[in-house]
1. In what sequence, highest mean first, do 28-41, 85-98 appear when ranked by Cβ atoms within 10 angstrom?
2. Starting from 0 in steps of 5 Å, tell me what percent of the Cα-Cα pairs of the chain lands in each bin.
3. Express the accessible area of the chain per residue in Å², computed with a 1.4 Å probe while the remaining protein chains stay in the model.
4. At what distance in nm do the modelled label points of SER62 and GLU101 sit from each other, each positioned 7 Å from its Cα along Cα→Cβ?
5. Would any residue of region 74-114 have its amide N under 13 Å from a label point 7 Å out along Cα→Cβ of SER19? List them or say none.
6. Per the 1.4 Å probe, what fraction of the accessible area of the chain, in percent, lies on carbon and sulfur atoms?
7. Divide, for region 42-105, the radius of gyration over alpha carbons by 2.2 N^0.38 Å, where N is the residue count.
Amino acid sequence: QVHLVESGGGLVQPGGSLSLSCEASGSIFSIVAMGWYRQAPGKERELVATVNAGHATNYADSVKGRFTISRGDAKNTVYLQMNSLKPEDTAVYYCNVRGYELGYSVFDAWGQGTLVTVSS
């Protein structure tokens, strides 16, 4: 099994910054892609940012220029640096990691979610 643990959520004022981290553990052979998703109250879960094995990134239009996703393969870790936060960024943020376990079993793992609240 592969498990993800997220951290870094909290309360921040508009215009402020926050950094999220996610570490994958278990019998991981390789990671294909890592990403962050979020779910705001009353809305469906949406993609925030992803990074693949070639380090190509993509971002939701709403966060481009403000958020940065980065990957640390050695520690099976992904980060999300969030700057210039807006109240509409308030949501539960979920980490997602896809890849192969030892023995070439595929996995698609999700973190437990961490709450980010942007409010004055």
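1. Values: 28-41: 17.6, 85-98: 19.1.
Descending packing order for the listed peptides: 85-98, 28-41.
2. 2, 12, 23, 24, 19, 10, 6, 3, 1, 0
3. Working: 6310 Å² over 120 residues.
I get 53 Å² per residue for this part.
4. Result: 3.4 nm between the two label points.
5. Residues passing the 13 Å test: 78-83.
6. Working: 3140 of 6310 Å².
Exposed carbon and sulfur together represent 50 percent of the surface.
7. Values: Rg = 13.6 Å, N = 64, 2.2 N^0.38 = 10.7 Å.
Relative to the rule-of-thumb radius for its length, region 42-105 sits at 1.27.
The values are calculated or read from the model by the stated rules, or taken from the named source; none is laboratory data. Treat the numbers as computed from the prediction; the structure is a model and nothing was measured. Here Cβ is always computed from backbone atoms with ideal geometry, including for glycine, and neighbour counts include all displayed protein chains. To get the accessible areas, we keep the full protein, side chains included, count just its heavy atoms, and leave off ligands, DNA and RNA. Shrake-Rupley method; radii C 1.70, N 1.55, O 1.52, S 1.80 Å.
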